[in-house]
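All remarks here apply to the structure that follows.
The values are calculated or read from the model by the stated rules, or taken from the named source; none is laboratory data. A quick note: this is a predicted structure, and the numbers were derived from the prediction, not measured. Here the Cβ positions follow ideal geometry from the backbone for every residue, glycine too, while neighbour counts run over all protein chains shown. Accessible surface areas use protein heavy atoms only, side chains included; no ligands, DNA or RNA. Shrake-Rupley method; radii C 1.70, N 1.55, O 1.52, S 1.80 Å.
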Amino acid sequence: MWSQKLMWVAWPAFLSACVLELLVFALVDPLELQWSGQSLGWSRQGVYTAAFFLFWLGDCPFPAERRPEGCPHG
């Protein structure tokens, strides 16, 4: 039962991260990203992977009162 509730949260979050990844990197070249004025020094694939997991693990966009029952952030 718990795994089914987890999938109600994880699957839409995964799909949202996929879409966000496509949108962001359609406009941004990962090799041109800089941190504190210096190049990251990562490969494109490394930047894509790190960004995807950051997008996937991001904060829940819904306020606490609108989150589905069983949401781990609720």
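Using a simple spin-label model with pseudo-atoms 7 Å out from Cα toward Cβ, C18 and R67 lie 2.5 nm apart. Per DSSP helix of 4 or more residues, -39500 (n - 2.57); summed, then divided by the residues of the chain. What does that give at 222 nm, rounded to the nearest 500? When only DSSP H runs of four or more count, the value is -18000 deg cm²/dmol.
Report in % the part of the accessible area of the chain that belongs to carbon and sulfur, leaving out ligands and nucleic acids; probe 1.4 Å. Accessible surface attributable to carbon and sulfur in the chain totals 65 percent.
Between W8 and W56, the simple label model (points 7 Å from Cα in the Cβ direction) yields a spacing of 2.2 nm.
In terms of overall dimensions, the chain has a Cα radius of gyration and Dmax of 15.5, 48 angstrom. When peptides 34-47, 7-20 are ranked by their average number of other Cβ atoms within 10 Å per residue, the highest-first order is 7-20, 34-47.
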